1. Listed highest first by mean packing, meaning other Cβ atoms within 10 Å per residue, what order do 179-188, 63-72, 311-320 come in?
2. Just one of [x] 1.12; [y] 0.97; [z] 0.94 is Rg/Rh (Cα atoms, Kirkwood Rh) as worked out from the coordinates here. Which one is it?
3. If I fit a long axis through the Cα atoms of helix 39-48 and take the longest principal axis of the Cα atoms of the chain, what angle between them do I get, 0 to 90°, rounded to 10?
4. When the chain is modelled as a GNM with alpha-carbon springs shorter than 10 Å, which of Pro172, Pro84, Pro102 fluctuates the most?
5. Who wins for biggest fluctuation among Gln97, Gln117, Gln166 in a Gaussian network model of the chain, springs between alpha carbons below 10 Å?
6. Would you work out if the range 136-222 is rounded, prolate or oblate? Take a ≥ b ≥ c from the square roots of the eigenvalues of the alpha-carbon gyration tensor; rounded if a/c is under 1.5, else prolate when a/b is larger than b/c, oblate otherwise.
7. What is the helix-to-structure angle for 256-266, meaning the angle in degrees between its Cα long axis and the longest Cα principal axis of the chain, kept from 0 to 90 and rounded to the nearest 10?
8. How high is the relative contact order of the range 9-180? Use alpha-carbon pairs under 8 Å, at least six apart in sequence, and give a whole percent.
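Since every read-out is calculated from the coordinates, none of them should be taken as a lab result. Since the structure is predicted, the reported quantities are computational estimates derived from the model, not experimental observations. When we count neighbours, we look across all protein chains shown, and the Cβ atoms used for this are built from the backbone with ideal geometry, even at glycine.
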Amino acid sequence: MSGDGAEPIGIAGAGAFGTALAVVLGAAGHPVRLWARDARQVASMRRLGANRSYLPDHRLPETVTPTDDIASLADTEAVLLAVPAQQLSAFLNRHGQALAGPALVAACKGIALDTLQGPSAVIAAACPGATVAVLSGPGFAGDIAAGLPTAMTLACTDPAAGARLQRMLSTPALRLYRSTDVVGTELGGALKNVIAIAAGIVIGAGLGDSARAALMTRGHAEILRLARHRGARTATLSGLSGLGDLVLTCTSERSRNFRFGLALGRGHAFDPALTVEGAATARAVARIAASEGIDMPLTTTVAAILDHRLSLAGAIDALLSRPLKEE
């Protein structure tokens, strides 16, 4: 349950996930200010009482106020940053000063292509002194907005601040588990999108569910390899923001990254207007793996396919011909 249900909460980003968080937190009694950069989208949400662009079947509670005024989020207790990971730095460079007071919670998943940083480092660089947290885990926007039971991880290096945010942002249907492992939490959320693209390719190419299970297992090992190298705890990657998110994203066509991989595997086009965070993350992590000497064959293969340096058939042959070794 949320604390006393009265804390004002800001949400920057009125895509599907930001809107879903607004719906569930507003229904729990919080005054929510849902920011969108497009004034026309804000006007539409106010008029219709729903986000027609992303979650048209879910009403916005009366406690939710759509706005295009970023300054209106300044006096909230926490701001959930639900803008795409690749746009987070530019967003904070423009609006960071207006968000100097609230705790800033990354509600996006990815590794920035320009800085090779995760969301928490991007926030800390743009907003020094801010309380920074990360919200990640297996939760589809539609399920959250519908009030279906969902469990996620809230990570903050400050235990007291993390406990306060956990109480504030948890609801009867959205159960948050607390962690201090910010690095592990955000790496699990970012890298599972890359493995989901690979899983989609496997199914799209007709390689079967057994191959997908093997890929998910080896993908999890690959995520662990980078996470441990970056100082994360192994247990984090076996939890909600690691294994839990990986399973959900690799097994459902509701996952945009999985659908993108399906299209690649089938040789079909994919809507270029849709953000696929795993594509940018694959390229960023492939650079990290190369520069830091980390063996990440699935990630580097996905990046090579995306950059047309490797054909699908060539990728399958390369992975299957790797030397045999102990698990």
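1. Working: 179-188: 26.6, 63-72: 17.6, 311-320: 13.6.
Averaged packing, sorted descending, gives the order 179-188, 63-72, 311-320.
2. Checked against the structure: label [y].
3. On a 0 to 90 degree scale, this one is about 70.
4. The residue that fluctuates most here is Pro172.
5. With Cα springs under 10 Å in the chain, the top fluctuation among Gln97, Gln117, Gln166 is at Gln97.
6. oblate
7. Around 30 degrees separate the two axes.
8. Working: 365 pairs, mean separation 34.4, N = 172.
Once divided by the residue count of the range 9-180, the mean separation gives 20 percent.
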